[in-house]
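A.B. asks: The structure is given below, and queries will be raised subsequently.
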Amino acid sequence: MSRILVVGLGNPGIKYENTRHNIGFMVLDRLVSWGGASVYPPKKKSSYLSMTGIIAGVPVILVKPLTFMNRSGEAVNTVLRYYEMPLERLLVIHDDLDIPVGQIKFVSKGGAAGHNGVRSIIKSLGSREFSRLKIGIGRPDSPVPIEKYVLSGFLPVEAKKIEKVIELAAEGVVCFLEHGIDRAMNRFNGAAISEDDT
């Protein structure tokens, strides 16, 4: 069975650990602790951190770019070339301002929609033809600059919902690994964590 590359986007360093922009990293961390996961300890390369193993019976490479968000494409392109992997075996997990907190959405291709990490990947790969899992972070209620908002932490009232949505996203990734993007879209697009769930 061919490997699948799952990339979680974020920024390296303790300063950014629990910020909205790092939710891609958070989902990868949850996948590593998944009941059906067997993943080797991380290996640090010059532009990324990688973990290889098996999740839900599927060989995977989990990658966290260490280049900061705006240069995420460098790491993704390096890994794809090294393993000679086609784009259809790539899933990128990232935050999305236009999706409310508590919701996730799989897409099979498309533009960057203002996300600098996705824009960098599209530029580096020269293609939009790769799957993404978007995690909703919503837009700020107050006139906070977007750059500041995405690099801020979640509010205390959002904490339980974020914990649940990370779990939901991890389930979605497992579905993607087992069944592909179409099944993942059908099952998880429109799913949401309600206030009752928290």
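The values are calculated or read from the model by the stated rules, or taken from the named source; none is laboratory data. All values derive from a computational prediction rather than experimental measurement. Reconstructed Cβ throughout: ideal geometry from the backbone, glycine too, with neighbour counts over all protein chains shown.
A.B. asks: Output the residues belonging to the range 12-56 that are of a type in the set (Lys, Arg) and either surrounded by 13 or more Cβ atoms within 10 Å (Cβ to Cβ) or touching a residue at least 24 places away in the same chain (Cβ under 8 Å) (or both). First the steps, then the outcome.
C.D. replies: Applying the first criterion (of a type in the set (Lys, Arg)) to the range 12-56 yields 15, 20, 30, 43-45.
Answer for the range 12-56, where residues must be of a type in the set (Lys, Arg) and either surrounded by 13 or more Cβ atoms within 10 Å (Cβ to Cβ) or touching a residue at least 24 places away in the same chain (Cβ under 8 Å) (or both): Arg20, Arg30, Lys45.
A.B. asks: While we're looking at this one, here's another question. Among (1) within 25 Å of Ala37 (Cβ to Cβ); (2) surrounded by fewer than 16 Cβ atoms within 10 Å (Cβ to Cβ); (3) out of contact with any Leu (no Cβ under 9 Å at 6 or more places or on another chain); (4) hydrophobic (A, V, I, L, M, F, W, C), which single condition is Val157 missing?
C.D. replies: Just one mismatch for Val157, condition (1).
Listed here are the residues, each with its yes/no results for (1) modelled with pLDDT of 95 or more; (2) closer than 20 Å to Ser47 by Cα; (3) not in a loop (DSSP other than H, G, I, E, B).
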{"site": "Gly73", "(1), (2), (3)": "yes, yes, yes"}
{"site": "Val92", "(1), (2), (3)": "yes, yes, yes"}
{"site": "Phe106", "(1), (2), (3)": "yes, no, yes"}
{"site": "Arg119", "(1), (2), (3)": "yes, yes, yes"}
{"site": "Ile122", "(1), (2), (3)": "yes, yes, yes"}
{"site": "Arg128", "(1), (2), (3)": "yes, no, no"}
{"site": "Lys134", "(1), (2), (3)": "yes, no, yes"}
{"site": "Lys161", "(1), (2), (3)": "no, no, yes"}
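A.B. asks: Moving to a separate point now. Select from the range 130-165 the residues that are in contact (Cβ under 8 Å) with a residue 40 or more places away in the chain and more than 28 Å from Leu80 (Cβ to Cβ) and list them in ascending order.
C.D. replies: Here is the first cut: in the range 130-165, the ones in contact (Cβ under 8 Å) with a residue 40 or more places away in the chain are 130-139, 146, 149-154, 158, 161-162, 164-165.
Listed by number, the residues that qualify are Gly138, Arg139, Ile146, Tyr149, Ser152, Gly153, Phe154, Glu158, Lys161, Ile162, Lys164.
A.B. asks: If Ser127 meets every condition in (1) closer than 23 Å to Met85 by Cα; (2) surrounded by 17 or more Cβ atoms within 10 Å (Cβ to Cβ) apart from one, which number is that one?
C.D. replies: With respect to (1) closer than 23 Å to Met85 by Cα; (2) surrounded by 17 or more Cβ atoms within 10 Å (Cβ to Cβ), Ser127 is out only on (2).
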